[in-house]
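Engineer: The structure is given below, and queries will be raised subsequently.
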Amino acid sequence: MALKRIGCKEIAKTLNREEVFTSTGQRWGKTTVHKILNNEVYCGTLVFGGRPGHPAIHSSEPPVRVEDAWQPIIDKYTFNQVQKVMSKNAPKTVHPRIVPSFYLLSGILFCTCGSAMVGRSAKSHRYYYYACNRGCKQGREACDSRILPKKKIEHLVIEQIKSKILDGKYLEELVRIVNEELGAGYAVVKEKIANIDFEIQEVVNRLTRLYDALETGRLDLNDLAPRIKELRVKQDELSKARVVAEAEMTLQGYQQLDIEAVRSYVADLWNILDESEVAQRKAFLRSFVKKIVVEKERVKLYYNLPVPPHGKRTEILGVLPIDTPSGEGGTRTPTHRCTRS
């Protein structure tokens, strides 16, 4: 009997659509299906060690195999046929160092469902998109968010950074906001140290009064010993807290940004966004953007610092229309495949 070549993704979609969930009540994903189809336990074979994900695979010892360890639920022939089909369908694997991700927003772009947006390609890698990882693995029943053209969404974010952070008319305001935040953070730590010093002095005053009572003989040592011990413990705790606060103040530092010095670096920063390697551009974007969440017809940017003109840390932008692979416009979802991002 010939086996119909159905991919793990299609199997997961069918199970989810028919509401046949996992033993834990979760939706199926293609990775889970793939693991099950590769697991010899279902044909009655126990394999210990020597398999991916097991620590013993790194040793020189061969795996321990026990045939007919229990009653199988599928026969060996069917299992082997499945392995042959999967090996033919398996893509060629390439080490990620050889093919690095060129998706600029990978790691910071998320779907409104909470899953990451991952890189996808269509038409033999002629078109590139970002799509919800959950929808990619579990089908549109799990998440029906639309795909976003890689070039357009990356351009939108880069232009927003340029206009809100690297633009001359906003730069002075941005420096002022950052300086205010630096000063506020420094002031909070400074006030914390002052409060600790006040508490320490209170403890010292109480200990002094107790020692005076001992010297004058008004109170006995047995009566005062527990209280003295308690105050000394508190004094030690406050001293440690002060050291930590001082270290925090030292790490924060407090050096006002110079607007002229910042302006002198703007041209270099623009070049990083436009001309640098992908790794440098990614690092630069992450220094300003915490995450980006796709919400249907718009995206929400979460900044690492308040941005002019109102000093907000979030901003909502409209998403550009999506083109089909033929370039004719519209919002049809193209045929695509997952790629490493």
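Engineer: Is it true that some residue in region 153-166 is at pLDDT 80 or above, loosely packed, with under 12 Cβ neighbours inside 10 Å, at negative phi and not small (Gly, Ala, Ser)?
Structural biologist: no
Engineer: Which residues, taken from region 53-101, are modelled with pLDDT of 80 or more, in a loop (DSSP other than H, G, I, E, B) and within 26 Å of residue 10 (Cα to Cα)?
Structural biologist: The answer is 72, 73, 74, 75.
Engineer: Given the criteria modelled with pLDDT under 80, surrounded by 14 or more Cβ atoms within 10 Å (Cβ to Cβ) and under 34 Å from the mean Cα position of the chain (by Cα), does residue 50 qualify?
Structural biologist: yes
Engineer: Just a yes or no: is a residue in region 102-121 hydroxyl-bearing (Ser, Thr, Tyr), farther than 18 Å from residue 292 by Cβ and at pLDDT below 80?
Structural biologist: Checked against the condition, which is being hydroxyl-bearing (Ser, Thr, Tyr), farther than 18 Å from residue 292 by Cβ and at pLDDT below 80, region 102-121 yields no hits at all.
Engineer: Filtering region 1-31 down to residues that are closer than 19 Å to residue 87 by Cβ and under 25 Å from the mean Cα position of the chain (by Cα), which residue is modelled with the lowest pLDDT?
Structural biologist: 9
Engineer: Please count how many residues of region 32-44 are under 19 Å from residue 67 (Cβ atoms), β-branched (Val, Ile, Thr) and under 30 Å from the mean Cα position of the chain (by Cα).
Structural biologist: 0
So that you can scan it fast, the table gives a plain yes or no per residue for (1) modelled with pLDDT of 50 or more; (2) more than 18 Å from residue 144 (Cα to Cα):
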position: 290; (1), (2): yes, yes
position: 298; (1), (2): yes, no
position: 310; (1), (2): yes, yes
position: 329; (1), (2): no, yes
position: 337; (1), (2): no, no
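The values are calculated or read from the model by the stated rules, or taken from the named source; none is laboratory data. Model, not experiment: these values are computed from the prediction. Don't worry about glycine lacking a Cβ; one is built from the backbone with ideal geometry, like all the others, and counts go over all protein chains shown.
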